[in-house]
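Here the structure is laid out as structure tokens; the discussion comes afterwards.
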Amino acid sequence: MNIPSKYDASNVESKWYDYWMNHNYFHSEPDNREPYTIVIPPPNVTGVLHMGHMLNNTIQDVLIRRARLIGKNACWVPGTDHASIATEAKVVTKLKEQGIDKHDLTREDFLKHAWEWKEEYGGVILEQLKRLGCSCDWSRTKFTMDGDMSESVIKVFIDLYNKGLIYRGFRMVNWDPEAKTTLSDEEVVYEEKQGFLYYLQYDVVDSDEKVIIATTRPETILGDTGICINPNDKRFRHLKGKKAIVPICNRVIPIIEDEYVDIEFGTGCLKVTPAHDLNDKELGEKYNLEVIDIFNDDATLNSYGLHYEGKDRFVVQKEIIKELDEKGYLVKTENYINKVGKSERTKAVIEPRLSDQWFLKMEDLVKPAISSVLEDGEVMFFPKKMENTYRHWMENIRDWNISRQLMWGQQIPAYYYGDGKDDFVVAENKEAALKLVRERTSNLKLQVSDLTQDSDVFDTWFSSWLWPISVFDGIRNPDNKEIGYYYPTNDLVTAPDIIFFWVARMIIAGYEFRQKKPFQNVYFTGLVRDSKGRKMSKQLGNSPDALKLIDQYGADGVRVGMLLLSSGAGNDLLFDEDKCQQGKAFANKIWNAFRLINGWEVNNKLEQPNSSKIALKWFESKLNMALLEIDDHFTKFRISDALMATYKLIWDDFASWLLEIVKPSYQQPIDALTKKAVVTFFEDLLKILHPFMPFISEEIWQLIEERTPENALIISSLPEIKKSDSYLINEFEYAKEVVSGIRTIRKEKNISFKETIDFAVLNNDLVKATFDDVIIKLGSLKGINYINEAVDGALSFRVKSNEYYIPVSGAINVEKEIEKLKEELVYTKGFLRSVQKKLTNERFVNNAPEQVVANEKKKEADALAKIETLKASLASLN
């Protein structure tokens, strides 16, 4: 068999992914096995693979591949989200490039363009996930606007409407003037911004008196319809019942009283603009103030903006201050830090706006979802601290604005038949709506053409919240076999920033529509940041190209790198490309171990050496102990810890120790028993490794011997956990220290490993001779001599209380060695004094970081131990 000297990830990865796909290993159908189900957090159909996807989907693939290896019926459902705002923006941009304005198109024409865009560009990310090795059941790929998925959304809306949980209301909403749609509270991100507080004076009618107000939005004075004062504020009691004049537009407005006004803020007088502030709206309703909306839907000023009509709000803000100053209305300006709401998607500054929207009542819907996570433990969060974030949002939840002023998405199934506010019906289609309208109005002459469907679409999350149910058709066909088998799903892996948008809402939907939790566990990844702790973004140019990383380090290397960077659930990680290089180096280490083993020739006549026999026995115990540890890490979702345990088992215990012990001398054969045992252990290691590094593990598995498709690694079984001998493991740890001591002396004294040396031990610890043959082989010793007193003229080292001696006559110049040891002793004593000086300095100990102090204490302990060793060696040589 011709094994390449270097591992070529690019050829291996495409070969085995095709092989897995061709043999349908990723596919799942209900059967008599225990199901293990994951639904992918559907990436936006506009998306491309970024570092967050790499981390999230690596973890999911590790979990799903491990589930296969423990005999479960693993089903990982992939798909994409139609992403209303993002996709519509992409389509609008493409149309502009073609000289087409969205507003010149009918809905049908626009949707035709949108679907064409989706078919051409959408779903790229799913193909990219295949490069990462994701073993999704691609035959189950869903899109949130697939016909069956959209039917589920419509059915849910009708159900909730009929239950009285959905209503249409004229409310203050978050308006995105770039996307020209409303947003939910969760889609608004608040940022602190340095701005100004402008003090403006309004004339009081029939008086020389002025009323001064403070505002951060001077352009909105054109929508003012009142001034409010606190009735307990003695400064302004005399103004009760009077009127004021709004500067520039000269509108006469009433001065009202309400305890809502904060006497301490600004001047104590509040301008009331009911159309552009939620609190002002409530005051306006309370005192029957006029509502004047001064903005168009793109945040330019309308006719109420007078001579500013058609100009952008931020342009007007600068120009109107100049006019107010010139006309004597600007009293003063102060610096002011303000929290500004921005669209999570477009980054546009949000404008509070009154609008007719559809809302979902949340107060009662959230109750089962609160108890399932916070009281009953039906849904577990990893890390647990995320429960506090969940609790805060759920206990302060507001009704969900589920309508959006877009074309791309599921159109709201409300049909209008008259001019009245309540002249509409909710139905699954126009034919069903017509039937309802005729029943309501007794007007049999009405036709389908007389009905007008609501132009709004649903918030994208109103389809995504059904994802774990709708991918198994559990809304339309609640009793079907698949939903009964795969639901509830097992684990959800997601980012913490969508706990409100998606996680909480899926839990709510699960209990409302299935009376069951949607999943058992939620693993929150951290956010992937750059080395400076900044969030990765195109603007900063600090986000690596995920596919280039795979090209450079291999998918296995990148997977390992991402997991090595992860410090546990919920913790952000700082991306470091060196970890991908470490992952690639690990792959090379495994490949070289395979090449070494594969190159051994077997001599059936050879007896198994005692060193190999005991080493194999030790490794069997070590393997079983590691299996137990790895299993424990997985049950607690410590995925990176499970990888590290696997990494150490393979790199340290298997490659660096076991193979070194059992390998035959150069160009010599190996005995059959040892080779067979080593190959068996290597196969077990490949099974453990497979979830983390699927490509290289399958490649080596298939190279070890010819396998049928039924014996592929991907569908094999994890090794059974057996008892381990902890005493034997501890004995070997002791032996390792002895070998390390021998190697250190050989290296320092330039004693060739080809030269066998004498070796003696003063066995104060009464260590058994279990691993003596191993020590002899690895230390290249003539043997081990057990003695009762110290050996003169020998180099020595200690392991615990045991003293080990290497006679040096003929091997080194004793006088030069003594001189060298004396110099090293003087240096080490000086180093110890400098460390102890620090540790006796109370200021240092009390103020330095805990880890820094701990490091200094370790330096002290190491120096003390080294001094004792140097003294012992000098005494021996003297």
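The values are calculated or read from the model by the stated rules, or taken from the named source; none is laboratory data. Computed from a prediction, not measured in an experiment: that's the story for all the values here. Quick reminder, even Gly has a Cβ in these numbers, built from the backbone with ideal geometry, and neighbours come from all protein chains shown. When the accessible area is computed, the model is the full protein with side chains, heavy atoms only, and any ligands, DNA or RNA have been set aside. Shrake-Rupley method; radii C 1.70, N 1.55, O 1.52, S 1.80 Å.
Kindly evaluate Tyr786 against the criterion of being under 22 Å from Ala735 (Cβ atoms), at pLDDT 90 or above, of a type in the set (Ser, Thr, Tyr) and open to solvent by 60 Å² or more (accessible area, probe 1.4 Å).
Considered against the rule, which asks whether it is under 22 Å from Ala735 (Cβ atoms), at pLDDT 90 or above, of a type in the set (Ser, Thr, Tyr) and open to solvent by 60 Å² or more (accessible area, probe 1.4 Å), Tyr786 comes out as yes.
Filter region 461-518 down to the residues that are open to solvent by 20 Å² or more (accessible area, probe 1.4 Å) and of a type in the set (Lys, Arg) and list them by number.
Matches in region 461-518: Arg476, Lys481, Arg514, Lys516, Lys517.
Restricting attention to region 571-597, and to residues there that are among the charged types (D, E, K, R) and assigned to a loop (DSSP other than H, G, I, E, B), which single residue is modelled with the highest pLDDT?
Asp576
For region 378-494, which fully contained strands (runs of 3 or more DSSP E) count at least 3 residues that are under 24 Å from Asp159 (Cβ atoms)?
So the answer is 414-416, 424-426.
Determine, yes or no, whether Thr756 is open to solvent by 60 Å² or more (accessible area, probe 1.4 Å), at pLDDT 90 or above and in contact with a Lys or Arg (Cβ under 7 Å, 6 or more places away or on another chain).
Considered against the rule, which asks whether it is open to solvent by 60 Å² or more (accessible area, probe 1.4 Å), at pLDDT 90 or above and in contact with a Lys or Arg (Cβ under 7 Å, 6 or more places away or on another chain), Thr756 comes out as yes.
Among the residues of region 207-242, which ones are within 13 Å of Cys269 (Cα to Cα), touching a residue at least 24 places away in the same chain (Cβ under 8 Å) and over 49 Å from the mean Cα position of the chain (by Cα)?
Val211, Ile212, Pro231, Asn232, Asp233, Arg235, Phe236, Leu239
Would you be able to say whether some residue in region 5-15 is closer than 24 Å to Leu689 by Cβ, loosely packed, with under 14 Cβ neighbours inside 10 Å and among the acidic types (Asp, Glu)?
Taking every residue of region 5-15 in turn, at least one turns out to be closer than 24 Å to Leu689 by Cβ, loosely packed, with under 14 Cβ neighbours inside 10 Å and among the acidic types (Asp, Glu).
For (1) in contact (Cβ under 8 Å) with a residue 60 or more places away in the chain; (2) farther than 30 Å from Pro43 by Cβ; (3) open to solvent by 50 Å² or more (accessible area, probe 1.4 Å); (4) of a type outside the set (A, V, I, L, M), each residue gets a yes or a no:
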position: Tyr415; (1), (2), (3), (4): no, yes, no, yes
position: Gly420; (1), (2), (3), (4): no, yes, no, yes
position: Glu431; (1), (2), (3), (4): no, yes, yes, yes
position: Leu451; (1), (2), (3), (4): no, yes, no, no
position: Asp456; (1), (2), (3), (4): yes, no, no, yes
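Any residue in region 371-399 that is touching a residue at least 24 places away in the same chain (Cβ under 8 Å) and over 25 Å from Leu278 (Cα atoms) sitting within a Cβ distance under 7 Å of a residue that is charged (D, E, K, R) and not in a loop (DSSP other than H, G, I, E, B)? List the pairs, counting only those 6 or more apart or interchain.
Val373/Glu387; Phe381/Glu387
Starting from residues that are over 30 Å from Lys548 (Cβ atoms) and among the charged types (D, E, K, R), keep the ones in region 89-139 and report whichever is most open to solvent (accessible area, probe 1.4 Å).
Lys96
State whether the residues of region 736-746 include one that is buried (at least 18 other Cβ atoms within 10 Å of the Cβ), in contact with a Leu (Cβ under 9 Å, 6 or more places away or on another chain) and closer than 22 Å to Lys72 by Cβ.
No: zero hits.
Consider region 825-853. How many of its residues are open to solvent by less than 50 Å² (accessible area, probe 1.4 Å), more than 24 Å from Tyr805 (Cβ to Cβ) and in a helix (DSSP H, G or I)?
Residues flagged as open to solvent by less than 50 Å² (accessible area, probe 1.4 Å), more than 24 Å from Tyr805 (Cβ to Cβ) and in a helix (DSSP H, G or I) within region 825-853 amount to 6.
Can you list the helices (runs of 4 or more DSSP H) found entirely within region 39-137 that contain at least 1 residues being more than 17 Å from Trp20 (Cβ to Cβ) and more than 16 Å from the chain's Cα centre (by Cα)?
In region 39-137, 84-97, 107-121, 124-132 are the helices (runs of 4 or more DSSP H) which contain 1 or more residues that are more than 17 Å from Trp20 (Cβ to Cβ) and more than 16 Å from the chain's Cα centre (by Cα).
For residues that are under 46 Å from the mean Cα position of the chain (by Cα) and free of Cβ contacts under 8 Å to residues at least 12 places away in the same chain, scanning just region 287-313, find the one that is least open to solvent (accessible area, probe 1.4 Å).
The residue in question is Asn302.
Tell me, please, whether a residue that is among the polar types (S, T, N, Q) and open to solvent by less than 40 Å² (accessible area, probe 1.4 Å) can be found in region 349-363.
Yes, that holds for at least one residue.
Taking the conditions exactly as written (free of Cβ contacts under 8 Å to residues at least 12 places away in the same chain and not small (Gly, Ala, Ser)), does Asp631 satisfy them or not?
In short, no.
Within region 634-680, which residues are under 18 Å from Asn588 (Cβ atoms) and free of Cβ contacts under 8 Å to residues at least 24 places away in the same chain?
Correct list: Lys648, Asp652, Ser656.
Mind counting the residues in region 172-189 that are surrounded by fewer than 21 Cβ atoms within 10 Å (Cβ to Cβ), part of a strand (DSSP E or B) and among the acidic types (Asp, Glu)?
0
Mind checking which residues of region 829-871 are touching a residue at least 40 places away in the same chain (Cβ under 8 Å) and of a type in the set (S, T, N, Q)?
Thr869
Please list, ordered by first then second residue, the pairs with beta carbon atoms under 8 Å, 6 or more apart or interchain, first in region 5-30 and over 17 Å from Arg140 (Cβ atoms), second hydroxyl-bearing (Ser, Thr, Tyr) and open to solvent by less than 40 Å² (accessible area, probe 1.4 Å).
Here the result reads Ala9/Tyr553, each pair linking region 5-30 to a residue that is hydroxyl-bearing (Ser, Thr, Tyr) and open to solvent by less than 40 Å² (accessible area, probe 1.4 Å).
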